[in-house]
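A.B. asks: First, the structure itself, so that you have it in front of you.
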Amino acid sequence: MSGVEKLIRSAGRAYRTFLKLDQDPARELEEGKFWLNLQQQQGFYADIETDSGLTVSEIAEIVFGLEQAAYDHDALKRSETEADTCWERIRGAREIMRMSDPSIRHDIRMRRALFHLGLIGDDNNKGGSMKNHRLMASHYFALRAGDNWLENGELKQLKPHSHAEAEQIIFNTYEIDWRTLKQACKRKGIPLSKDSENFPKA
């Protein structure tokens, strides 16, 4: 039994003593929490001393102070995680803007960087249908594995492609780079990987 629980049970015993009830160890914890919450919210019976040597208000201060400290600790951890995620996105956006490939226009890089930062959604937040990332991931898989793929209404048997070849075809077809597609698929829970036992060995 922790020290905090002992203090709460002490408040529970004081509660039953105050009400002139028989002591019930099975209810000490529950009734102690009730009385501490009542004291915290309305200030009732604050100066009643418990068998721990502390008053009800002093126990309440200790218990709720520890709970607040635990909450603050968790909040700090969450803030640190969120900060790390933000810096990761900023670094990724910078890398996108520094891409030296002359075939990728500056405005396209800007849209990708904004998407990576989470400032715009699919299709640059334009109206109409959203980009079908599941279709793109399936196309990539078909290119890598050499599966059948429907093109212009005709089913074609694709030859196996390397990752670089498939990545370029996906970019040419859908105007989306591997990094952006990977991020979108991860967010939507769509399987996408460079590695699969179905892919030919390079």
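A.B. asks: List the number of the failed condition for Met110; all other conditions in (1) farther than 29 Å from Trp178 by Cβ; (2) surrounded by 13 or more Cβ atoms within 10 Å (Cβ to Cβ); (3) modelled with pLDDT of 80 or more hold.
C.D. replies: (1)
A.B. asks: Out of the range 77-111, which residues are outside any helix (DSSP H, G or I) and without any contact (Cβ under 8 Å) to a residue 24 or more places away in the chain? Don't jump to the end; show me each part of the working.
C.D. replies: Initial filter on the range 77-111 (outside any helix (DSSP H, G or I)): 98-105.
Selection gives Arg98, Met99, Ser100, Asp101, Pro102, Ser103, Arg105.
A.B. asks: Further, regarding this structure: Conditions first: (1) more than 26 Å from Asn172 (Cβ to Cβ); (2) at pLDDT below 80; (3) surrounded by 11 or more Cβ atoms within 10 Å (Cβ to Cβ); (4) acidic (Asp, Glu). Asp72 passes all but one, so which condition is the exception?
C.D. replies: Status for Asp72: all satisfied but (3).
A.B. asks: Let me ask another. Out of all the residues in the range 136-178, which are among the β-branched types (Val, Ile, Thr) and open to solvent by less than 20 Å² (accessible area, probe 1.4 Å)?
C.D. replies: Of everything in the range 136-178, those that are among the β-branched types (Val, Ile, Thr) and open to solvent by less than 20 Å² (accessible area, probe 1.4 Å) turn out to be Ile170, Ile176.
A.B. asks: Shifting gears a bit: Search the range 46-58 for residues that are touching a residue at least 24 places away in the same chain (Cβ under 8 Å) and pair each with any residue that is open to solvent by 50 Å² or more (accessible area, probe 1.4 Å) and assigned to a loop (DSSP other than H, G, I, E, B) when their beta-carbon atoms are under 9 Å apart and the residues are at least 6 apart or on different chains.
C.D. replies: Val56/Phe44; Val56/Tyr45; Val56/Asp47
A.B. asks: Condition first: open to solvent by 80 Å² or more (accessible area, probe 1.4 Å) and under 18 Å from Ser2 (Cβ atoms). Now tell me which residues in the range 27-57 satisfy that. Show your work before the answer.
C.D. replies: Start the filter on the range 27-57 by keeping residues that are open to solvent by 80 Å² or more (accessible area, probe 1.4 Å), which leaves 27, 30, 33-34, 40-42, 44-45, 47, 49, 51.
Within the range 27-57, Glu30, Lys33, Asp51 meet the criteria.
A.B. asks: Same structure, new question: All but one of (1) in contact with a strand residue (DSSP E or B) (Cβ under 8 Å, 6 or more places away or on another chain); (2) modelled with pLDDT under 80 hold for Thr55, so report the exception by its number.
C.D. replies: All conditions pass for Thr55, except number (2).
A.B. asks: With the requirement that a residue be at pLDDT 85 or above, closer than 16 Å to Leu192 by Cβ and touching a Pro at 6+ places or on another chain (Cβ under 7 Å), what does the range 138-176 give you?
C.D. replies: Arg144
A.B. asks: Can you list residue pairs whose Cβ atoms sit under 9 Å apart, with the first residue in the range 164-181 being touching a residue at least 60 places away in the same chain (Cβ under 8 Å) and farther than 23 Å from Glu88 by Cα and the second being assigned to a helix (DSSP H, G or I) and open to solvent by less than 40 Å² (accessible area, probe 1.4 Å)? Count only pairs 6 or more apart in sequence or on different chains.
C.D. replies: Sorted first by the residue in the range 164-181, then by its partner, the pairs are Glu175/Ile108.
A.B. asks: Can I ask one more? Considering every residue within the range 5-15, establish whether at least one is of a type in the set (Val, Ile, Thr), assigned to a helix (DSSP H, G or I), within 37 Å of the chain's Cα centre (by Cα) and modelled with pLDDT under 85. Quick ask: steps written out before the conclusion?
C.D. replies: Residues of the range 5-15 of a type in the set (Val, Ile, Thr): 8.
Then drop every residue that is not assigned to a helix (DSSP H, G or I), which leaves 8.
Next cut, within 37 Å of the chain's Cα centre (by Cα) only: 8.
With the extra rule that they be modelled with pLDDT under 85, the set shrinks to none.
No, because not a single residue in the range 5-15 is of a type in the set (Val, Ile, Thr), assigned to a helix (DSSP H, G or I), within 37 Å of the chain's Cα centre (by Cα) and modelled with pLDDT under 85.
A.B. asks: Does at least one position in the range 66-76 carry a residue that is touching a Ser or Thr at 6+ places or on another chain (Cβ under 9 Å), touching a residue at least 24 places away in the same chain (Cβ under 8 Å) and assigned to a helix (DSSP H, G or I)? Reasoning before the result, please.
C.D. replies: Applying the first criterion (touching a Ser or Thr at 6+ places or on another chain (Cβ under 9 Å)) to the range 66-76 yields none.
Checking the range 66-76: not a single residue is touching a Ser or Thr at 6+ places or on another chain (Cβ under 9 Å), touching a residue at least 24 places away in the same chain (Cβ under 8 Å) and assigned to a helix (DSSP H, G or I).
The values are calculated or read from the model by the stated rules, or taken from the named source; none is laboratory data. Fair warning: this is a prediction, and the values are worked out from it, not measured in the lab. Here Cβ is always computed from backbone atoms with ideal geometry, including for glycine, and neighbour counts include all displayed protein chains. The area values use the complete protein model at the heavy-atom level, side chains included, leaving out ligands, DNA and RNA. Shrake-Rupley method; radii C 1.70, N 1.55, O 1.52, S 1.80 Å.
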